[in-house]
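To keep things clear, I will list the structure first and then write my remarks on it.
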Amino acid sequence: MGKQLGIVVVGCGGISNCHTAALARIPEVKLIASVDIDEARAKDFVHRYGFETHAADLGAVLGRDDVDAVVVTTANDTHAPLSVKALEAGKHVLVQKPMALTLAEADVMIATANRANRKLMVSFFEFFHPAFRRAKEIVDQGLIGDVFFFKAIMAWYMPSMTAWRFDPKISGGGILMDGHVHHIAYFQWLLGDPPVESVYSEFGALNSTAAVEDTGVTLIRTAKAIAEISGSNRLLEPNAQSGRYFKEWIEIFGSRGTIHIDPTERPSLRVYIEGNELRESLGGGWIAPRLEPSPPLERAYSNHFNPDENPWVDEHRHFVDCCINDKPVVSDGYFGRKVLEILMAGYRSHAEGRKIRLPLVAAGAPR
Ligand SMILES: NC(=O)c1ccc[n+]([C@@H]2O[C@H](COP(=O)([O-])OP(=O)(O)OC[C@H]3O[C@@H](n4cnc5c(N)ncnc54)[C@H](O)[C@@H]3O)[C@@H](O)[C@H]2O)c1
């Protein structure tokens, strides 16, 4: 076997299981330590996934020479400090979305990664989900012409309002930071990260007494397209796959056709191309491009998608490959910052009752 990447996972909560189960399936990965302020959780990860050791504090394991990278899957307020700590110790970082609570924090993360000459990747699982990835290929090949309109919704139902997600000091916000962030990133990636002209958001705690917004709509305007991104964490709509309250739906409209992505449905990708003569017809001119199923060993449960379209292993394969072979990551700190800037513009827009033009502030760390 070639080089192995020694990995620490910090934050052993819900989504960390998707990351860690994926990491455990990659031969180039060596699971060194699981870290959580709740030490019982960190210990449980040792047994569940085979880490060598565990700790309650990231600092306790950063001094090890065999640690090459840190995967940050803690609550939002700790993304920046933990990432900076890991980068300063000379480790590569993969951090969950949103990358930070403020643009100033994001700038420090980027500058630290540049100084340390280490990878900083922000996790957006959609970029590795077969339906989302195939849709991008179809757009890149020009098969639906020029994309001029994008509509997306991500919604679920969160019964308890005591979680950190409802504490603005920890989460930085509600459904925009938690749900919109995914589709903002996907829209920007899909269209090759176009300059954003303006952002407008309308939101509120409409179906709860939460201190952060539970429901919202964000409009993004680029020179050639409009995106309408919606979401709620108080929506009572079960999906057909799991019966759980989780809904996700994306529509991409081009000058020659339309793409629907419905990751909790089958087929999860439907495409209509004007005049297309492909055989795999769903009727009415729609087709369902064949997607690569994940090998059974790489499948994972998630509300977001069918388990045979699991993105996590490919996401980590990409990160590990970029670290070992010094390749650029698909969603670096600059990209994560752009997504955060759009979110911040959304919050400002709501506060000021008007659309906000970008850029918000002078660009941060130089490339
Ligand atoms: N991509 C996705 O689909 C997706 C889904 C869910 C959550 N997320 C993101 O992942 C992150 C974690 O979300 P979650 O739902 O798993 O939360 P969670 O509360 O289930 O887990 C967070 C864990 O981090 C630990 N933690 C907090 N501060 C720490 C610190 N300083 N050092 C070590 N451990 C610490 C907590 O004890 C907890 O075990 C959030 O940023 C969230 O936005 C992404």
The lone condition ILE273 fails out of (1) more than 30 Å from LEU236 (Cβ to Cβ); (2) over 20 Å from the mean Cα position of the chain (by Cα); (3) open to solvent by 70 Å² or more (accessible area, probe 1.4 Å) is (3)
Legend entry - Filter result for ALA33 (touching a residue at least 60 places away in the same chain (Cβ under 8 Å), touching a Phe, Trp or Tyr at 6+ places or on another chain (Cβ under 9 Å) and either open to solvent by less than 10 Å² (accessible area, probe 1.4 Å) or outside any helix (DSSP H, G or I) (or both)): no
Output for Cβ contacts, cut-off 6 Å, separation at least six or different chains, first residue over 19 Å from SER302 (Cα atoms) and within 11 Å of the ligand (Cβ to nearest atom) in segment 148-177, second part of a loop (DSSP other than H, G, I, E, B) and modelled with pLDDT under 95, reads none
Residues of segment 67-85 being more than 14 Å from the ligand (Cβ to nearest atom) and either at pLDDT below 95 or not acidic (Asp, Glu) (or both), in sequence order, are VAL67, ALA69
- prompt: Do we find a residue being closer than 23 Å to ASP167 by Cβ, β-branched (Val, Ile, Thr) and outside any loop (DSSP other than H, G, I, E, B) anywhere in segment 261-278?
  reply: no
Given the structure, is VAL320 outside any helix (DSSP H, G or I), open to solvent by less than 80 Å² (accessible area, probe 1.4 Å), closer than 21 Å to LYS91 by Cα and in contact with a strand residue (DSSP E or B) (Cβ under 9 Å, 6 or more places away or on another chain)?
no
Filtering segment 185-203 down to residues that are outside any strand (DSSP E or B) and surrounded by 21 or more Cβ atoms within 10 Å (Cβ to Cβ) yields ALA185, TYR186, PHE187, GLN188, LEU190
Q) Would a scan of segment 4-12 turn up a residue that is assigned to a loop (DSSP other than H, G, I, E, B), more than 14 Å from the ligand (Cβ to nearest atom) and either surrounded by fewer than 22 Cβ atoms within 10 Å (Cβ to Cβ) or not charged (D, E, K, R) (or both)? A) yes
Cβ pairs under 7 Å, 6+ apart or interchain, first in segment 10-23 and closer than 13 Å to ASP314 by Cα, second outside any loop (DSSP other than H, G, I, E, B) and open to solvent by 10 Å² or more (accessible area, probe 1.4 Å), ordered by first then second residue, are THR20/TYR49; ALA21/TYR49; LEU23/VAL29; LEU23/LEU31
By residue number, the members of segment 46-66 that are under 11 Å from VAL9 (Cβ atoms) and part of a loop (DSSP other than H, G, I, E, B) are PHE51, LEU58
Return a yes/no flag: does segment 302-310 have any residue that is assigned to a helix (DSSP H, G or I), in contact with a Lys or Arg (Cβ under 7 Å, 6 or more places away or on another chain) and surrounded by 17 or more Cβ atoms within 10 Å (Cβ to Cβ). no
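Conditions tested, residue by residue: (1) open to solvent by 10 Å² or more (accessible area, probe 1.4 Å); (2) touching a Leu at 6+ places or on another chain (Cβ under 6 Å); (3) more than 11 Å from the ligand (Cβ to nearest atom).
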residue	(1), (2), (3)
ALA21	yes, no, yes
ARG25	yes, no, yes
ALA60	yes, no, no
GLY63	yes, no, yes
LEU87	no, no, yes
VAL95	no, no, no
Filter segment 229-241 for residues that are open to solvent by less than 50 Å² (accessible area, probe 1.4 Å) and not β-branched (Val, Ile, Thr); the one that is nearest to PRO267 (Cα to Cα) is ASN239
Away from the ligand (no atom under 16 Å from the Cβ), farther than 17 Å from PHE125 by Cα and not assigned by TED's automatic domain parsing to the domain that holds SER294: is that true of ASP38 in this structure? no
**Item:** Test: PHE166 is at pLDDT below 95, surrounded by 20 or more Cβ atoms within 10 Å (Cβ to Cβ) and over 15 Å from PRO98 (Cβ atoms)
**Value:** yes
Residue hits (segment 19-53; under 21 Å from ALA80 (Cα atoms) and not charged (D, E, K, R)) are HIS19, THR20, ALA33, SER34, VAL35, ILE37, ALA42
By my count, strands (runs of 3 or more DSSP E) wholly in segment 75-184 with at least 2 residues that are among the basic types (Lys, Arg) and out of contact with any helix residue (DSSP H, G or I) (no Cβ under 9 Å at 6 or more places or on another chain) are none
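The values are calculated or read from the model by the stated rules, or taken from the named source; none is laboratory data. Every value quoted in this text rests on a predicted model; they were computed, and no experiment measured them. Glycine also receives a Cβ, built like all others from the backbone with ideal geometry; neighbour counts cover every protein chain displayed. Side chains included, ligands, DNA and RNA excluded: accessible areas come from the protein's heavy atoms. Shrake-Rupley method; radii C 1.70, N 1.55, O 1.52, S 1.80 Å.
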